[in-house]
Amino acid sequence: MRTTTLPPLRVTPEMRRDAEAVLGEGETLSAFVLASVEQQIAARRAREQFIARGLASGAEARRTGKYVSADAVLRKLKRRLDAAKMKKAA
């Protein structure tokens with residue numbers, strides 16, 4: 001597979017020092033930047049998919065007239081949280 005480059009970044013000397021200060025052992029600044037770009041791509045794709053699922057769910061609810069009340073959702077979330085707390089305490 002052929003590779004290409006990303007545009008060069010102009011940053012302040014302070015930002016470069018800050019980035020270099022958090023590098024892991026043996027990690028290069030290039031590897032850090034690449035990992036950051038990869039994480040942002042994944043996060044933005046996940047956000048787009050989340051929004052798409054929400055819009056589809058809203059459309060389906062409007063189409064069918066079937067909605068779940070906020071109280072029902074909060075009760076279910078509270079049960080999940082309580083179960084997780086009990087599991088962690090055990």
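The values are calculated or read from the model by the stated rules, or taken from the named source; none is laboratory data. For clarity, every value in this text was computed on a predicted model and none was experimentally measured. When we count neighbours, we look across all protein chains shown, and the Cβ atoms used for this are built from the backbone with ideal geometry, even at glycine.
Step by step: first the residues of the range 1-39, then only those that are surrounded by fewer than 10 Cβ atoms within 10 Å (Cβ to Cβ) and of a type in the set (Ser, Thr, Tyr), then the one that is nearest to the chain's Cα centre (by Cα). Which residue is that? Among residues in the range 1-39 that are surrounded by fewer than 10 Cβ atoms within 10 Å (Cβ to Cβ) and of a type in the set (Ser, Thr, Tyr), the one nearest to the chain's Cα centre (by Cα) is Ser30.
Of all residues in the range 81-90, those satisfying the criterion of being of a type outside the set (Gly, Ala, Ser) and surrounded by 10 or more Cβ atoms within 10 Å (Cβ to Cβ) are Leu81, Asp82, Lys85. Number of residues in the range 17-51 that are β-branched (Val, Ile, Thr), under 17 Å from Thr5 (Cβ atoms) and either in contact (Cβ under 8 Å) with a residue 60 or more places away in the chain or assigned to a helix (DSSP H, G or I) (or both) equals 3. Against the list (1) within 30 Å of Gly24 (Cβ to Cβ); (2) modelled with pLDDT under 95, the condition Ala90 fails is (1).
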